[in-house]
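Only one structure is covered here, and it is reproduced in the block below.
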Amino acid sequence: MTNSVACDHCHLEFDEKVMIKDEVDGEIKYFCCKGCQGIYHLLRSEGLDDFYEKVGSNKLEPPKNPDDDLHKFDLEGFKNKYITEKNGLYEINLIIEGIHCSACVWLNEKVLHQTEGIVEASINYTNNKAKIVWDPDTIKLSQIIEKIRSIGYNGYPYDPKLQEERANKARRDYYSRLLVAIFATMNIMWIAIAQYTGYFTGMRSDMKNVLNIAEFILATPTLFYTGWVYFRGAYFALKNRFINMDVLVITGATLAYIYSIYAMVTHTGEVYFDSVTMIITFVFVGKYLEVLSKKRAVDAMDSIMGSIPTELTVVKDGEKSIISIEEVEVGDIIEIKPGEKVVVDGVIVSGEGNFDLSSLTGESEPVYKKEGDEILSGSICLDSAIRYRATKDFKHSMLSSIVSLLEESISKKPSIEKLADKISGYFSLAILSIALLAFIGWYIHGVGFERALIIAISVIVIACPCALGLATPMAALIGINTASSKGILFKEAEFLETMAKSDTLLLDKTGTITEGKPKVVKAEFLKDFDKNILYSLVKSSNHPISEAIAKYLQELNDKSKEYILKDRKNIEARGIEARYEDSLIFGGNLELVKERGVKFDKDFDGSVFVFVIDSEAVAYFELKDALKKDAKEAISEIKKRGIKPVMLTGDNEKVAKEIAKEVGIEEVYHSLFPKDKADIVDRFHTQKKIVIMVGDGINDALALSRADIAISMGSGADVSVEVSDVVLLNDDMKSLLDAIKISKKAYSTIKENFALSIVYNSITIPLAVMGYVMPLVAALSMSLSSLIVVGNSFRIRKLK
């Protein structure tokens, strides 16, 4: 007779004779292979013994011998396809194979966090997707994969196309399970009608037994095939000491099923196979519709990526060649024809035409683009052949950024959803306790075991916390989707909640309230000088005022040329300076002129740019910036929603107050440096205000980073977009108003869903405890409560 022992790592049992014995702290440990032995000692040396307590007696897969494929993770082609570089660090999304429970997630994250060179490691338990950030100078990706394999798991790169295939497979699986449940339910209903008719009019016992067996045959595949989803969910929940909806569904259905088998075999009492089938079917229909709803809610993201061509035409030395989108480099000349989609961002160098930007901005009106204009990936060329120079590679272009932001936002939970998840756990435990007390109470009351059990089952089934669990994620998901269809990108779902609670809106003036493209309305040349010197100075800056003056000088003389300037530098919030030959030249606002001691006595109501050569003012330009379309109406609507608008600007007092008065803003801060804007954000925080900051320039980045919600315009500086929480692709004030409307509507919908769930449970649970609800009615009403929450969430889409 053989003596079987369990491996101290994977818990699989083998004959003691073939096991590897190892003495650890005076205690004999058994291992089925060198891999398990190695992992056990690795976890002990890393101080991760808690893993074995968390995983309990559950069996693990023994480690597989790693294939000789680690080198592929360090290849240049692999890096270009899957790895993103940011601030000298590498980032990749992996699917971790072998994860079965939260203990597995805990172990992987712990081991990765303790590995030198890994900066961030977070794993999403729902889809096993891991985001890993590391320092390539300290550790290679192949070493990270080797570390994951060393503890019994495996990692492979996340590919959206493969994930879509898996999602379709899951939907097909749900559909086949649903068909089985519906077939069984439709047939069992006819049998149930015969059963209930016979109950009142009389039925022979042999006929009743035949019908009971028929119901048993139909109920069994429904419970164990269709209901497998709930068995699996309940298993993992109980394994991790958590009670969820799956535990309640399976407890109710299984109790009814076991009692019905007892009643069928002993010929005592009534069977409830019809209730078992209907409980599983009604709940599963709700689950299936939930899956479809989530799929529809994220279809916008799929549609953006679905039509992206995998190749494009590049022109080099007059010759055209077709290359993959991943191979495009900054500076390449790309050719697109009518009907083709722009894949990487760039600037037109030849041709002109109309572009459809609806997939980016939500606006159906074509936009005319000409030589020198920027075109963004995701737009479609409508009517002409155009060549443009790539300014970004595919990974960093607008289209890839949009999809990345949407994926990030959907995967992160708002704090109210985290609270809902926590409440659901306690709620489920409370319901099981109430059901047990109801059973004991009715049984003592003398109604009999069968009646007491059915009442307990009804309590369990009717109170499933589906509606409570769906209250937040559905509203957040649809809110993000609705916003993205309007050209508004929320980087995380929790920003919907924060924006909805905000009470203060700080607005940068230039590029946010105004167009950010001032025009010269008056120019005066005080001395005779070479205007190409001024042209060279303003062309060296991308500030809107400099660009406006350069455009004005070009219109005066289309043969303007640039000189070579030395020691060119920006003067923060005031102007620019440089040296031309032996002369010191600078240009800027009145503050800079006065600071430098230059004699200039003129006074102005608007923005002014004064040009100085060797401490003598030789020219000045008055400029005016037009308000953005709908700015005044948007500010008015925002104020009606209880949010106080405040304007921040580096411009002078007169210009700032004039613009503020025009749009209806009472509180204005002018002549600000970037740090001043950030200090104002902090000042509002000390007043316990929840602050939204909107900006579009490098000078706004510091203030944006300090705000509760940072909003940047899509056309803004890369750094301001990087630190922002929300990006407005349309660059208009209407998008800002829409973002606030959607966030408030989503948050109010979440609260409505909570209220609906609370009211539903407050009414139905007492009715079930009092014995007024049958199990099949309980299942139907529970599914309806979930569908009402889903339907209520979809109302966000109808927001005007």
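The values are calculated or read from the model by the stated rules, or taken from the named source; none is laboratory data. This structure is a prediction, so every number in the text was calculated from the model and none was measured. Neighbour counts run over all protein chains shown; Cβ positions are idealised from the backbone, glycine included. Just so you know, the surface numbers come from the protein's heavy atoms only, side chains and all, with ligands and any DNA or RNA stripped out. Shrake-Rupley method; radii C 1.70, N 1.55, O 1.52, S 1.80 Å.
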Report summary line: Scanning the range 592-640 for residues that are over 30 Å from ASP731 (Cα atoms) and within 46 Å of the chain's Cα centre (by Cα) gives LEU592
Requested in this report: May I ask you to verify whether LEU648 is more than 22 Å from LYS741 (Cβ to Cβ) and open to solvent by less than 50 Å² (accessible area, probe 1.4 Å)?
Outcome: yes
**Report entry** Checklist (1) open to solvent by less than 30 Å² (accessible area, probe 1.4 Å); (2) at pLDDT 80 or above; (3) over 30 Å from LYS491 (Cβ atoms); (4) not basic (Lys, Arg) applied to THR281, failing item
**Finding:** (2)
**Report entry** Cβ pairs under 6 Å, 6+ apart, first in the range 204-225 and within 15 Å of ASP274 (Cα to Cα), second of a type in the set (Ser, Thr, Tyr) and modelled with pLDDT of 85 or more
**Finding:** LEU223/TYR257
Report task. Check off (1) farther than 18 Å from GLU494 by Cβ; (2) hydrophobic (A, V, I, L, M, F, W, C); (3) at pLDDT below 85 for PHE684 and give me the number that stays unchecked. Result -> (3)
**Report entry** Set LYS566, LYS539, LYS561, LYS594: member being farther than 27 Å from PRO674 by Cα and open to solvent by 30 Å² or more (accessible area, probe 1.4 Å)
**Finding:** LYS561
Query raised in the report: If you check GLU633 against the conditions, is it of a type in the set (Asp, Glu), closer than 25 Å to PHE529 by Cβ and surrounded by fewer than 18 Cβ atoms within 10 Å (Cβ to Cβ)?
Result: no
Requested in this report: State the number of residues belonging to the range 497-526 that are on the phi < 0 side of the Ramachandran plot and part of a helix (DSSP H, G or I).
Outcome: 9
**Report entry** Residue count for the range 213-270, restricted to those that are closer than 29 Å to TYR426 by Cα, among the hydroxyl-bearing types (Ser, Thr, Tyr), open to solvent by 60 Å² or more (accessible area, probe 1.4 Å) and modelled with pLDDT of 80 or more
**Finding:** 1
Query raised in the report: Looking only at residues in the range 557-589 that are over 14 Å from LYS531 (Cβ atoms) and assigned to a loop (DSSP other than H, G, I, E, B), which one is modelled with the lowest pLDDT?
Result: ALA573
Query raised in the report: Residues in the range 527-542: is at least one part of a helix (DSSP H, G or I) and of a type in the set (Gly, Ala, Ser)?
Result: yes
Query raised in the report: Mind checking which residues of the range 590-607 are assigned to a loop (DSSP other than H, G, I, E, B) and either in contact (Cβ under 8 Å) with a residue 12 or more places away in the chain or of a type in the set (A, V, I, L, M) (or both)?
Result: ARG596, GLY597, VAL598, LYS599, PHE600, LYS602, PHE604, ASP605, GLY606
